[in-house]
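Report on the following structure.
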Amino acid sequence: MLTTRRRAVATAAVALAGSLLLASCGGSDSGSSDGKTLKLWHYEGPDSAMGVAWNEAIKEFEAKHPGVKVKFEEKGFEQIQKTAPMVLNSNDAPDIMEYNKGNATAGLLSKQGLLTDLTAEATKRGWDKKLSAGVRTTSQYDTNGVMGSGKWYGVPNYAEYTMVFYNKDLFKKYGIAEPTTLDDLTAAMDTFVSKGITPLANAGAEYMAQQYLYQLALSKADRSWVDKYELYKGKTDFHDAAWTYAATTFADWVKKGYISKKSTSLKAEDAGVSFIQGKSPILFSGSWWYGRFQTENKFAWDTFLWPGSNLTLGSGGNLWVVPKGAKNKDLAYDFIDITMSKKIQNLLGNKGGVPVGADTAAITDPKAKTLIADFNTLSGKDGLAFYPDWPVAGFYDVLVSETQKLITGSEKPDAYLSALQTAYDKGAPKT
Amino acid sequence: MTVTVERGGRVVRGHHRHHGRTTRPRRPHTSYALFLLPGVLAFLAVIVVPFLMNTGVSFTDWQGVGAPKWSGLANYRELMHDSEFWASFRHSLFMVVAMAAVPTVLGLVLAAALFDFVGKHFGTKIAAVLRACFYLPQVLPIAVAGIVWSWILAPDNGSLNELLKAVGLGSLQQDWLGDPDVALYSVMGVMVWVQIGFPLVVFMAGLQRVDPQLYEAAELDGAGWWRRFWHITLPQIRPEIYVVLLWCTIAALKVFGAVYVLTKGGPGGATDVPSYFSFTTFFEKTQVGYGAAISTVLTVIILVLALIGLKLQTRAEDAEEGLRA
C-alpha cells in the first residue's frame, strides 16, 4: 500500500506525464472569436512589392474597422508550407493566411475540407470579375482538389510570369540586337559562346533548369496540351513532340555551351547573382526577380517574353485563403477586398509587383509599366501555363534530380522523358 | 555497493554485478526509481509515444491531412523494392566512413600528436588552442558551415578551384558538388572536417587519465612513439574509441543538415541519404505513410547498431575487468 508521501509523488508523476503527453500531442489556445481581432499570416518580405502593399492594406483595414486590431504574424514560406495541415486542423488557425497555389497545396487542403468556400464572397464582391482566366485558375478547386474549376478556395491579388532578362550593355558590346525570334536568340547565344561567355544563367539544383525546359516545351504546345498536363484533361505523353523537342534542345544547348555543365549544383540565387554581376548576359526566370534587378543591376537591362511562344510559365500569385476554423471570417473577406482595391493594387504595381486589378494610368514607374504591359499581353492571349512541378506532389524534386542528369549528360533525353513519365503517372490522378 | 577506483583515477562502479559479492539494498533502489521517473516520463512522451505513432502511420496510406487509410505492410513492401531508398542507404555507408571511421582514425593520431608532441614541446596551452581549432566546426551550425563550403566548392570562382589554379594544379579542378561522380566524396570531405573535432576532444580527455608511468616505463625500455601509441595509448583509451565510433556511426546514419544545405541529395540523387529521402517523401511528396515507414526502418537500424555497439563495448570491458580480477 502506498504511503502518503509516495502517493503524492505518484500523483505528481501522473500529472507530469499527462502534461507531457498533452504537450507532445500539440497544445493549443482557443484563438480569438471576438470580432475585434483579425489574425493574419503571410510570408512576403517587408520590402517586397507584396509586403509593402499588404502592410498598407493592414493600415487601411484598421482605419476602416475602428476597434479591430490586425494581429499579423510574419511566417516563412517553408514554415507555412510544411505545417499548414496541422495548424489548420487545430484551434490556432489564423483568420486569413497566404498559401501556395496548386493541386498539391491549396488543392489538397480544400479537398480535406480545411479551407472555407469563398464562392459566394467572390461573386458578391466582384473578385471573379477582376481576375483574368489564367489567374483565376488557381483560385478554384474541384472536389478532388484539382485546380481550374469548382469552388473558390483562394484569392490571388497579384500575378507572376517568366520572361527573358538580358544585359543590354553586354549585348551592345558584342553588337547584338534585342532578339525578337528564337533564331535571333540562338544567334545571340552563339556570339556569346564564341567570345567565351556562357550566355544563359542557370541553376540545376533549383527550379531554374526545369523552367527552361518547360518553356521550350511550351513553345511547341497549346492550351489543350497545358490542360492535359496540369489539369489532367487527357493523357500526358512525355515522348510527344513538345517534350521531346524540349529535352533534346536543352541537352543540345548544354553541349553547345549555352548552358554551363557546371550549373548542376547551383541554386537560383547563384544564377541571379551571376546576372546581377554581369557575368551571364541572359537569364530566363520570373517576375519575382524584377524588383531586385531594378535595385541591384549596375548596367542597362531589359526584358522580353520568350520569342516564338504563345505560352509561358506563370500564374496568379499566392492565395489568400480563409481556414475552415477561422473565427472572424467576415473580417477576413473585408481584408481580401481591401487588397483588391485600386489603391493597394496601384501601390503593388509601382513597387515592382504584377497587380491583377491596377489602374494603368496610376502606374508611374516606366519599368513597372513595361512589366505590367507584358503581363497584360500574356494574360490577354491566355498565355499563363503554370509551372512544370505542379501536377504531382513531389514532382519538383523529380524534375530537379532528372534535369541535373540531363545537364551532366549522365542521362539521355529519351531516358529523361521516360523517368518523368513514370513519376508523373505514379502521382497524377487516374483520368 | 562496491565502488572501486582504477585506471588513473576513473571511477568504475558496480563490481557487485560481476562478482555477486554484495546484495542490492532495497530501500535506496525504490527511492532512486522515483528520481528516474520524470526522465522516464519525458522519454515516453518525447521519444516512445511519437515513435509508436510514427510506426502506426507507417502502416497507412496518408497525405498528412484527412483520415489515414490502413494499408498494412504495403509501404514496407514498396520500400524493399525502392531502388532510391537502397541507393540512399548505400550513401549512408559512405557517410559512416566519412563521419565515423576516418574521423576516429585521424582523431586518434591527431590527439596523440597534440598530447605527446605539441603538449610536451610547445606547452599545453598551444595544444588546447589547436584542439579548440579542430573542434570549431562542431560548434558552427551546420547550415552556416554548409553554405560556406558550398562557396568553397563552387565550380566557378570557388576557393578550392581558384587555389588549385593558383598553384598550377588547374587540371584537378572539378565541379565538386555538381558532378555525380565526385559529389558524394565532396560531401564526405566536408563531413570529415565537421566531425574531426569530436573524437579529438574525447581522445585527448581520455589520454589525460592514462598513467604517465606507463609511457615512462615504455620509454625506458626503448619503445618508440609508434609502439607506445600502439601498445599503450590504443588499449588504454579503448572505451573512448567505442563511444566515439558508436556515436559517430549513429550521427552518420541520420545525417541530414549537410546534405540538405550542400546538395539537396543531388545531382540526380548522387548524395541522397535516408533521412533526406524520408523528409522529401513526407513533406514534398506528401506520402506521409511511406515517409514514416522509411524513418521507422532507419530508427530500427540505428537502434540495432547502437545495441550491438553497446553490447560489444560491455563485453570488451567485462573481459578486460575479468583479466584484471
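The values are calculated or read from the model by the stated rules, or taken from the named source; none is laboratory data. Model, not experiment: these values are computed from the prediction. Counting neighbours? That spans all protein chains shown, and the Cβs are built from the backbone with ideal geometry, glycine included. All accessible areas refer to the heavy atoms of the entire protein, side chains included, with ligands and DNA or RNA removed. Shrake-Rupley method; radii C 1.70, N 1.55, O 1.52, S 1.80 Å.
Brief remarks follow.
- Whole-Hz ³J(HN,Hα) from phi, Karplus 6.51 cos²θ - 1.76 cosθ + 1.60, for the stretch A:268-273, glycine and proline x: 3, 4, 4, 5, x, 5
- Here the stretch A:173-307 has 52 percent of its accessible surface on carbon and sulfur atoms, given a 1.4 Å probe and all protein chains in place.
- Association of chains A and B removes close to 2800 square angstrom of accessible area from solvent, both sides included, for a probe radius of 1.4 Å.
- Estimated dipole of the stretch B:201-310 in Debye, rounded to 20 [Cβ of Lys and Arg +1, of Asp and Glu -1, Cα centre]: 320
- Cα gyration tensor category, rounded, prolate or oblate, for the stretch A:67-113 with a/c compared to 1.5: prolate
- Relative to the 2.2 N^0.38 Å rule of thumb, the protein assembly as shown has a C-alpha radius of gyration ratio of 1.13.
- Cβ charges +1 (Lys, Arg) and -1 (Asp, Glu), total dipole of chain B, debye: 1420
- Contact order for chain A, expressed relative to its length and based on alpha carbon pairs under 8 Å spaced 6+ residues apart, stands at 24 percent.
- Dividing the summed -39500 (n - 2.57) terms of all DSSP H runs of n ≥ 4 by the residue count of the protein assembly as shown sets its mean residue ellipticity at 222 nm at -16500 deg cm²/dmol.
- Share of pairwise Cα-Cα distances greater than 28 Å in chain B is 57 percent (whole percent).
- Paramagnetic reach from residue A:73 (point 7 Å along Cα→Cβ, amide N under 19 Å) across the stretch A:113-140: A:114-116
- Compactness of chain A was expressed as the Cα radius of gyration divided by 2.2 N^0.38 Å, which yields 1.10.
- A cut-off of 5 Å between modelled amide H atoms, ignoring neighbours fewer than 5 places along the same chain, links residue A:389 with no other residue.
- Extension gain, residue A:224-residue A:376: 0.36 nm per intervening residue step, less the Cα-Cα distance, totals 52.6 nm.
- Trypsin sites (Lys or Arg not before Pro) within the stretch A:99-177, DSSP loop, no more than 14 other Cβ atoms inside 10 Å: none
- A simple rule links phi to the HN-Hα coupling: the Karplus curve 6.51 cos²θ - 1.76 cosθ + 1.60 with θ = phi - 60°, which for the stretch B:215-226 gives 5, 4, 4, 5, 4, 4, 7, x, 6, x, 4, 4 Hz, with x for Gly and Pro.
- Working from label points 7 Å from Cα in the Cα-to-Cβ sense, the residue B:156 to residue A:256 distance is 1.8 nm.
- Per residue, the convex hull around the alpha carbon atoms of the stretch A:104-153 comes to 61 Å³.
- Residues listed by number, the stretch A:307-323, amide nitrogen under 14 Å from residue A:182 label point at 7 Å toward C-beta: A:307-312
- Per residue, the convex hull volume that the Cα atoms of the stretch A:62-187 enclose (Å³): 206
- Accessible area in square angstrom per residue, the stretch A:272-358, 1.4 angstrom probe: 30
- Amide hydrogen neighbours beyond the local backbone of residue A:158, cut-off 5 Å, H modeled: A:317
- Across the stretch A:60-71, coupling constants 3J(HN,Hα) worked out from phi with the 6.51/-1.76/1.60 Karplus curve, θ = phi - 60°, read 4, 4, 5, 5, 7, 10, x, x, 9, 10, 8, 9 Hz, and Gly and Pro carry x.
- Here the stretch A:199-280 is treated as a sphere whose radius is the Kirkwood value from Cα pairs; by Stokes-Einstein at 25 °C and 0.890 mPa s it diffuses with a coefficient of 180 µm²/s.
- Per residue of A:395-407, other chain Cβ atoms within 10 Å of the residue Cβ number 5 on average.
- Fraction of the pair-distance distribution of the stretch B:103-155 above 12 Å, Cα-Cα pairs, percent: 70
- Accessible area expressed per residue, the stretch B:125-212, with surrounding protein chains retained (probe 1.4 Å, Å²): 50
- Entry comment: accessible area of the stretch A:86-221 is 34 Å² per residue, from protein heavy atoms only and a probe of 1.4 Å.
- Between amide H atoms placed 1.01 Å from N, distances below 5 Å from residue A:301 occur with A:168, all of them 5 or more places distant or on a separate chain.
- Helix A:413-427 vs. chain A, principal-axis angle (Cα, 0 to 90°, nearest 10): 20
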